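Engineer: Mind looking over this structure? Questions follow.
The values are calculated or read from the model by the stated rules, or taken from the named source; none is laboratory data. In this text, all values refer to a predicted model and were calculated from it rather than measured experimentally. Cβ atoms come from the backbone with ideal geometry, glycine included; neighbour counts cover every protein chain shown. In case anyone asks, the SASA skips ligands and DNA or RNA and just uses the protein heavy atoms, side chains included. Shrake-Rupley method; radii C 1.70, N 1.55, O 1.52, S 1.80 Å.
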Amino acid sequence: RGVAVLLPFAAWMVALCAGQSGMPRTPGSLLLNMLIKDEAEHLDRSLPKWAPLIDAWIVGIDDKNTDNSAEIVMKHLGHIPGELVTVSFDGMGPTWTKLVEVGIKKYPNVTHGIISDADFTPITTSLNKWELNTMCSKHMYRIRAPGGNNVRNMDWIYRNLPGSKVERRTHQSVKALPIPGQEVFQTLINLEVQEYAGGYQDRTGKKSQTYINWLLKDLMEMPGDTRTLYYLGHAHLDMVGENPYQDWHRNLPGKKNIELALKYFKLRSSMRGGYQEERYFSMLKSGEICERFIQDYECSLEMWGMASKFDPERPDALFYVGQHHRLANQPLLAIPPLKAAAELGHAPRSMFTWTYLYDCLRFIEFGRAVAMTRDGELPVSDLRLARKYLKMAKTGCEASQSSEAASLRKALARRIKS
C-alpha cells in the first residue's frame, strides 16, 4: 500500500527537524485525508478513533459508491471542520492528489495532513501535537498488519503546503518538498494504527488483475520505476496457484506468473536507486522463488547471499541460507549462517520487520541444525550456545515450536553431560 523512506534509527526518534535553538515552536495540527468506496463497515470502526486525534478532514468518496459511507463520515466527524468530496477514480495517486490540494486550499492553517486508508484504525488514543513539527517535510507513523505480528512505518504524514502530492496509482507514495533550513526531512511520531483486511478491492475478487493493470500503466508513464517493478513482482507472485512447484515443472498456466514474478524481482534487485528495502526484499523473494518453486538452488543461494551482503544487519537472508542447508541434511554448512542470524540484534527498518523470525525462528532453526550433528563434530561451546538460543525460542515461539525447543534443549543437555 505504500512505503516509508528508510532512515537511520536515531533519525526516526528525533523530534526536531531543524536547528531550532532559540526558535519559537508551537504544536502542529492534523488533517485526516481518506479516499473511500463502499467502506461503511471500516469507517464505523475507524472514524471514532480518528476523531479525537484530528483537527480537520477531507474524505473523497468515489462517484460509484453504493453504500452509506457518506452518512457514517458525517456521523463521526461532522462536529470537526471538514468536507466530503466526490471523486472520479483514476488510481490512488492522481485521485488522492486532488484531495491533498483541496485540504491545502480549504484548511491552510492546519500544519499537517495524514493519508489513511479507511481500514486504518488508530491504536494510539491521544496524539502529542508537538511531534507535528512544521520544519519537517514529512512524518512517519506505524501500521500494524492484520493479525498483529508485523509492523511497518509509513511516511504518509505531509506538510499541508503547496507542492505536496501522492504519486503512483497503486503502492502510492507521498511527496513533500524540502523546507528551507531543515536538517532532517522526516521523523517517526508516536502514532500507531491497526490495519484490517476486507477493503473494497479485497471484496471485489478482481484485485489482482486490476492491480497489475494499474502497475503497468504506472510503468508506462515512469519507465524503469523501481517501486513499480518491485510490486509487479509481488502482483504476479500473488497470482501463482496453490501448487507453484507443479505449475512450474508441469508447464501449467501458473508458470507464466512465476516467470514474471522472478523477472521483476531480479530486475529490481539489480537496480541501485529507489527504496533500498524494496531492493533487499526483491533479493529475498528471488531466492524464495528459485528455492521453493523452481528448485534452482544455485540461484536461491546466490540471491540470498547478495541480500546478506546488501544489508548485513538483517537476519532474514542468513536464516534462509541456513535453513536451506539444514533441510538438505548439511548441518555443518547450516550452522555458521544460522549462528550469525541468531547473534544479530533487532535491525530497525521502515518497511517490514518479520517479528516471528526475530523472536523464534532464527533461534529454533539454529538449535535444530546443532541437534543434527554427530558427537565430536562441534565444540561443547556450540552445544551450550544452542541451548541458550533454544531457551529464547521456548519464550518467543508458539506452543508447538516452544515444545520442540524444550525437547531439543534436553537432548543437547544429555550430549553435553556425556
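Engineer: Within the stretch 17-36, how many residues are more than 21 Å from Ile104 (Cβ to Cβ) and at pLDDT 95 or above?
Structural biologist: Summing the residues that are more than 21 Å from Ile104 (Cβ to Cβ) and at pLDDT 95 or above in the stretch 17-36 gives 0.
A quick yes/no check of all residues on (1) buried (at least 20 other Cβ atoms within 10 Å of the Cβ); (2) at pLDDT 95 or above; (3) within 30 Å of Tyr275 (Cβ to Cβ):
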residue: Gly322; (1), (2), (3): yes, yes, yes
residue: Pro337; (1), (2), (3): yes, yes, yes
residue: Gly345; (1), (2), (3): no, no, yes
residue: Met351; (1), (2), (3): no, no, yes
residue: Phe363; (1), (2), (3): yes, yes, yes
residue: Ser381; (1), (2), (3): no, yes, no
residue: Leu390; (1), (2), (3): yes, yes, no
residue: Ala413; (1), (2), (3): no, yes, no
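Engineer: Quick one: which helices (runs of 4 or more DSSP H) lie wholly within the stretch 204-266 and hold at least 2 residues that are at pLDDT below 95 and farther than 21 Å from Arg279 by Cα?
Structural biologist: Per the criteria, 207-221, 244-249.
Engineer: Let me ask you something else. Kindly indicate which of Leu229, Leu260, Leu216 is buried (at least 19 other Cβ atoms within 10 Å of the Cβ) and without any contact (Cβ under 8 Å) to a residue 60 or more places away in the chain. Don't jump to the end; show me each part of the working.
Structural biologist: Details: Leu260 fails: buried (at least 19 other Cβ atoms within 10 Å of the Cβ); Leu216 fails: buried (at least 19 other Cβ atoms within 10 Å of the Cβ).
Checking each option against the conditions leaves just Leu229.
Engineer: Search the stretch 266-307 for residues being of a type in the set (Asp, Glu) and either touching a Gly at 6+ places or on another chain (Cβ under 7 Å) or more than 18 Å from Leu237 (Cβ to Cβ) (or both), and hand back the single one that is most open to solvent (accessible area, probe 1.4 Å). Can you show your working first?
Structural biologist: Start the filter on the stretch 266-307 by keeping residues that are of a type in the set (Asp, Glu), which leaves 277-278, 288, 291, 296, 298, 302.
Now drop any that are not either touching a Gly at 6+ places or on another chain (Cβ under 7 Å) or more than 18 Å from Leu237 (Cβ to Cβ) (or both), which leaves 298, 302.
Details: Glu298: 151, Glu302: 108 Å².
Ranking the qualifying residues of the stretch 266-307, first place goes to Glu298.
Engineer: So, of the residues in the stretch 176-189 that are touching a residue at least 12 places away in the same chain (Cβ under 8 Å) and either under 22 Å from Leu219 (Cβ atoms) or assigned to a loop (DSSP other than H, G, I, E, B) (or both), which turns out to be least open to solvent (accessible area, probe 1.4 Å)? Write out each step before concluding.
Structural biologist: Initially, the stretch 176-189 is screened for residues touching a residue at least 12 places away in the same chain (Cβ under 8 Å), giving 176-179, 181-189.
If we keep only those that are either under 22 Å from Leu219 (Cβ atoms) or assigned to a loop (DSSP other than H, G, I, E, B) (or both) as well, we get 176-179, 181, 183-185.
On the way: Ala176: 10, Leu177: 91, Pro178: 95, Ile179: 29, Gly181: 62, Glu183: 138, Val184: 37, Phe185: 75 Å².
Here the residue is Ala176.
Engineer: Give the residue that is nearest to the chain's Cα centre (by Cα), with candidates limited to residues of the stretch 64-79 that are surrounded by 15 or more Cβ atoms within 10 Å (Cβ to Cβ) and assigned to a loop (DSSP other than H, G, I, E, B).
Structural biologist: Asn65
Engineer: Just the residues that are touching a Lys or Arg at 6+ places or on another chain (Cβ under 8 Å) and either surrounded by fewer than 22 Cβ atoms within 10 Å (Cβ to Cβ) or basic (Lys, Arg) (or both), please, taken from the stretch 102-113.
Structural biologist: Thr111
Engineer: List every residue pair whose Cβ atoms sit under 9 Å apart, with the two residues 6 or more apart in sequence or on different chains, where the first one lies in the stretch 394-418 and is within 17 Å of Pro379 (Cα to Cα) and the second, anywhere, is open to solvent by 60 Å² or more (accessible area, probe 1.4 Å) and of a type in the set (A, V, I, L, M).
Structural biologist: What qualifies is Arg415/Val380; Ile416/Val380.
Engineer: Further question on the same structure: Taking the stretch 255-283 only, how many residues are of a type in the set (Asp, Glu) and within 20 Å of the chain's Cα centre (by Cα)? Talk me through it step by step, then tell me what you get.
Structural biologist: From the stretch 255-283, those of a type in the set (Asp, Glu) are 259, 277-278; that's our starting set.
From what is left, the residues that are within 20 Å of the chain's Cα centre (by Cα) are 277-278.
So the count comes out to 2.
Engineer: Of all residues in the stretch 35-51, which are farther than 20 Å from Thr124 by Cα and either in a strand (DSSP E or B) or not basic (Lys, Arg) (or both)? Outline the logic, then answer.
Structural biologist: Residues of the stretch 35-51 that are farther than 20 Å from Thr124 by Cα, as a first pass: 35-41.
Selection gives Leu35, Ile36, Asp38, Glu39, Ala40, Glu41.
Engineer: Run down Ser137, Ser116 and say which single residue is farther than 21 Å from Asp62 by Cβ, buried (at least 20 other Cβ atoms within 10 Å of the Cβ) and of a type outside the set (Asp, Glu).
Structural biologist: Just a single option satisfies the conditions, and that option is Ser137.
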